Ligand SMILES: Nc1nc2c(ncn2[C@@H]2O[C@H](COP(=O)(O)OP(=O)(O)O)[C@@H](O)[C@H]2O)c(=O)[nH]1
Ligand SMILES: [Mg+2]
């Protein structure tokens, strides 16, 4: 067999002149005036406060600090599948997190506590128990606040959701506020409206948190991760203003006191900085406000103005 001789054409070497000037690096593109970086977004951009004032940078920093994980915080305190079996003796202030199954309660609690301590799932109805977590505890000392992860209502939820849980929340002396999560993509569903009606009828202090706000801020999560358009923020603000009358109906037609006039939004899926998720600092501040912790007892210099505004707005 004859060997095949292939002709390979070798390109002539390009000769560069040594006197060629090296192009100077391109200046960074000017910031897009229609785009906001996630780290620059404040609670005034993401939330709607009409009964209270938005927390300032100092208050947010105080709240973030109290939730920094340590050896004694967060601590799983107890789990109860029957509401009558919850420990009654504790005196620490409690706040409960409720919402439809899959709304993002456990993911948000993990983001708040800075640790994957709650079980999360994409399948609804997996949290069937009530779980309590202590925050800000020290060795041998009591916790500053207790967070309760409640079973979800709606699809695949426990049949006794409704009156039994309402009676429990109404009778629980330690309870300072219930945070009801609403999926910001879907808004208030029929079963959310029913639960909100029960909270008013039983006069249980409550506040709304809109979860998964990444879905409102941008069409694609990838885009939101690099910044949010001013249109996205405006869309969110319009939505929040539209919700106002649903969460705080006119007292002349309402059966009881509505939610606190403060709508917070957050995402447990968008990271703003190391261990910091979007909007979670405002949720932390709301928890501390509900529990009456304003930092002044910690030797800090924080004014308690916001805290008293938040607590007096509730019955
Ligand atoms: N896009 C988005 N998804 C979320 C967010 N929070 C939770 N999820 C997802 O929603 C599903 C339900 O979350 P989970 O925390 O278990 O909900 P729970 O049933 O209310 O406790 C999971 O698949 C989460 O990954 C969020 O902020 N943004
Ligand atoms: Mg859960």
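No value in this document is a laboratory result; all are computed from the given coordinates. Here the structure is a predicted model, which means the values were calculated and not measured. Glycine gets a Cβ as well: all are built from the backbone with ideal geometry, and neighbour counts include every protein chain shown.
From the Cα gyration tensor of segment 45-310, with a ≥ b ≥ c the square roots of its eigenvalues, which class applies: rounded if a/c is under 1.5, or else prolate if a/b is larger than b/c, or else oblate? Rounded is the answer for segment 45-310, as its axis ratio a/c remains below 1.5.
The length gained by stretching the chain between residue 81 and residue 68 to full extension, at 0.36 nm per residue less their Cα-Cα distance, is 1.8 nm.
A Förster distance of 35 Å, applied to the separation of the beta-carbon atoms of residue 223 and residue 202, puts the FRET efficiency at 0.25. Quick check: from the Cα gyration tensor, does segment 174-214 come out rounded (a/c under 1.5), prolate or oblate? In terms of gyration-tensor shape, oblate.
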